[in-house]
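Trainee: Got a structure for you, questions after.
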Amino acid sequence: MPEVDTLLRVMAVLTGCHVVYTTLELLSRPERYADGGMMDWSIREMTKSDRRFSWISDPILARFRLILFGRILVGIGVTILAALGELWLLTPFVGYLFFAELAILFRHNAGLSGGFHMALVVTSGLFVSLAAPSSSTLEAIGLLWIAAQGILGYLIPGVQKLTEKTWWDGSALVGVLSTETWATKYGNALAEYPKITFVCGWAVIIFEILFALSLVVPEPAIFVFFALGVLFHFSNALFMGINSFVFIFPATYPALYYANSLIGIGV
């Protein structure tokens, strides 16, 4: 059985790094949240169909930049405290991060990567595990919640790709890399090498589907899955600009390692 405190420390450090990086990204264009900006709350609130809880949400989300400034400061604090092993101090700070993730998701209709949704999962489970007594059932529930969502975060996209014929020949990969949102030059280059796109497309599908085996493989093999996951997300960052996945998806790996040890098949 792995040392749970060590797993929680690693998760907290990676989560803190994710928080700092993504907050800097959101704050890199502060004009979006200013009066008259694209994300001005006075404009954003008019698109809401449900106004029942606006008396609570409006005063909070209208001060979204303050939430982001708090998020980056807390993210730095969580990273430092976790690195130093001061887990007993982390619970309220991780609780704030969970609140901040909710605020970000409510504040944006769209345009967020899946990293923000995974951050909501990780911060919620991490908060439960940190707040729970050591070695308690509640501590385990928090870790297993993260582990389950970590598996689904790979499995569901993998199955979806498997049902789309454009992924079978790799043309979907070319299409994604040919959009202006990502890196057009890579898509244009790959289009000239259909055999490479075929191999790369199936490599992604197979990896995402088989990642669920990390729950049951022997302990040395689980680190191979984790290494492939890190390589996968670094590749996404390099070629597609999806940088937020680099920290937050690996933040689920300690919980997966914990789940693997509980299942016992791979031990």
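Bear in mind that the values in this text are calculations on the coordinates, not laboratory data. In this text, all values refer to a predicted model and were calculated from it rather than measured experimentally. A quick note on method: Cβ atoms are made from the backbone with ideal geometry, for glycine too, and the neighbour counts reach across all protein chains shown.
Trainee: How many nm is it between the label spots at Val230 and Ile263, if each spot is 7 Å from the Cα in line with the beta carbon?
Mentor: Taking the two extended label points, one gets 2.1 nm.
Trainee: Find out how many positive minus negative residues lie around Pro254, taking Lys and Arg as positive, Asp and Glu as negative, among other residues whose Cβ is under 15 Å from that of Pro254.
Mentor: -3
Trainee: Please work out how much length the chain gains when fully extended from Glu25 to His108, using 0.36 nm per residue of separation minus the C-alpha to C-alpha distance, in nm with one decimal.
Mentor: The Glu25-His108 span can extend by a further 28.5 nm.
Trainee: Shifting gears a bit: Just to check I understand the Karplus step: with θ = phi - 60° and J = 6.51 cos²θ - 1.76 cosθ + 1.60, what whole-Hz values come out for region 152-157, glycine and proline as x?
Mentor: Per residue, the Karplus-derived 3J(HN,Hα) values read 5, x, 9, 5, 4, x Hz.
Trainee: I've got another one for you. Just for the Cα atoms in region 74-144, what are the lengths along the principal axes, largest first, rounded to whole Å?
Mentor: For region 74-144, the Cα spread along each principal axis is 39, 26, 15 Å.
Trainee: Could you sort the peptides 237-244, 119-126 by per-residue average Cβ neighbour count (10 Å cutoff), highest mean leading?
Mentor: The most tightly packed comes first, giving 119-126, 237-244.
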